[in-house]
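Below: the structure, in structure tokens.
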Amino acid sequence: MKKVFALVFLASVFCSLSAQKVNETVVLYGKEQIKGFTINIYDNSPEIVEGALVDKFETQYKLKGSKKKGYHVYENQSCDAFGDARYDIYFTTAEIGKKKDKTTQVILVVSTGNLNCVTFSNDPRTSRNIVYFLENLNKDIDGYKIKLRIEELRNNLNSLNKERQSLLKEQAKLQEKRNTTNEEIKRLTAQIEQTTNLDEKQSLEKNLQSSEKSLISLNEKLYKINVKLENNQKNIDSTEKELNSLTK
């Protein structure tokens with residue numbers, strides 16, 4: 001992969017083709033020197049750009065691909081973005097530059113077979129289509145990031161709903177225990193008032209104190225559960241709001 005991008009800089013034929021800085025270039029595919037097109041994409045990682053391209057080729061254009069020699073490769077397939085023929089399509093991405101100047105470089109090669117690569121000198125029409133495709137890549141990346149965000153939000157919402165169900169079950173158990181404890185406190189209080197036996201009364205009072213401590217503990221646990229439920233609902237509401245805004 002390093003050889004590929006070293007060759008881009010040291011042996012490329014850079015010919016500016018558009019305001020978007022799409023250029024013709026020469027790169028290595030294995031040991032073969034092949035001609036293609038390159039563009040720099042700013043403010044997006046190679047992984048995001050790669051994902052957007054894979055999504056476009058395989059979801060929108062229904063291409064079947066594989067990985068070969070550091071490239072995503074789609075062999076002998078139709079792609080309306082470039083023209084009416086069947087093509088071999090190769091692309092790869094990499095981070096270039098240093099520190100604050102880092103950017104993502106895309107190399108796209110389109111061949112009519114046997115590494116007969118499309119260039120402006122042999123196929124101006126298809127070359128213009130390739131340039132247009134790359135010029136509009138930022139729109140595809142934005143759409144892909146929205147798609148990823150929607151998937152993330154749906155996963156988050158699923159987790160939040162599962163958490164809510166778990167909290168509600170715990171709340172119900174605690175409320176049942178609290179009701180039982182309240183009934184026990186009432187029963188013990190009534191027995192204490194009725195008994196005249198000192199030993200029995202002391203025993204009942206001890207049990208009452210224990211039940212009252214249990215009630216305090218249960219109330220504290222219920223309070224914490226209710227706070228969690230409140231926060232959980234806020235998170236569900238905000239997640240649903242963002243999800244709805246992205247899926248309208």
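Structural remarks
- The stretch 133-178: C-alpha gyration tensor shape, a/c 1.5 cut-off, then a/b vs b/c: prolate
- Using θ = phi - 60° and Karplus 6.51 cos²θ - 1.76 cosθ + 1.60, couplings along the stretch 218-234 (whole Hz; Gly, Pro as x): 5, 5, 5, 5, 5, 4, 5, 5, 5, 5, 4, 5, 5, 5, 4, 5, 4
- Lys206 paired with Lys234, simple spin-label distance in nm, labels 7 Å along Cα-to-beta-carbon: 4.6
- When the convex hull of its Cα atoms is viewed from all sides, the stretch 89-201 shows a mean projected area of 16.7 nm².
- Computed from the C-alpha gyration tensor, the three semi-axes of the ellipsoid equivalent to the stretch 201-248 are 46, 5, 4 Å, from longest to shortest.
- Computed over the stretch 2-135, the P(r) tail beyond 25 angstrom holds 18 percent of alpha carbon pairs.
- Helix-only CD estimate at 222 nm, as mean residue ellipticity for the chain, using -39500 (n - 2.57) per DSSP H run (n ≥ 4): -20000 deg cm²/dmol
- Dipole magnitude of the stretch 2-135 about its Cα centre (Cβ charges: Lys, Arg +1; Asp, Glu -1), debye to nearest 20: 440
- Cα-Cα separations in the stretch 149-247 greater than 20 Å, expressed as whole percent: 56
- Pairs from the list Lys67/Lys147; Lys68/Lys99; Lys147/Lys241; Lys68/Lys98; Lys173/Lys224 with a Cα-Cα gap above 25 Å: Lys68/Lys99; Lys68/Lys98.
- For the options Gly113, Gly97, Gly51, a Gaussian network treatment of the chain with springs between C-alpha atoms closer than 10 Å singles out Gly97 as fluctuating the most.
- Label selected from (1) 1.86; (2) 1.00; (3) 0.92, the criterion being Cα Rg over 2.2 N^0.38 Å as computed here: (1)
- Here Lys102 is the anchor, and the lysines within straight C-alpha reach of less than 23 Å, apart from those fewer than 8 places off in the same chain, are Lys2, Lys3, Lys21, Lys139, Lys145.
Bear in mind these aren't lab numbers, they're just calculated from the coordinates by the rules spelled out. Bear in mind that the values here come from a model prediction, so they are computed numbers and not experimental data. Cβ sites come from the backbone with ideal geometry, for glycine too, and all protein chains shown count toward neighbours.
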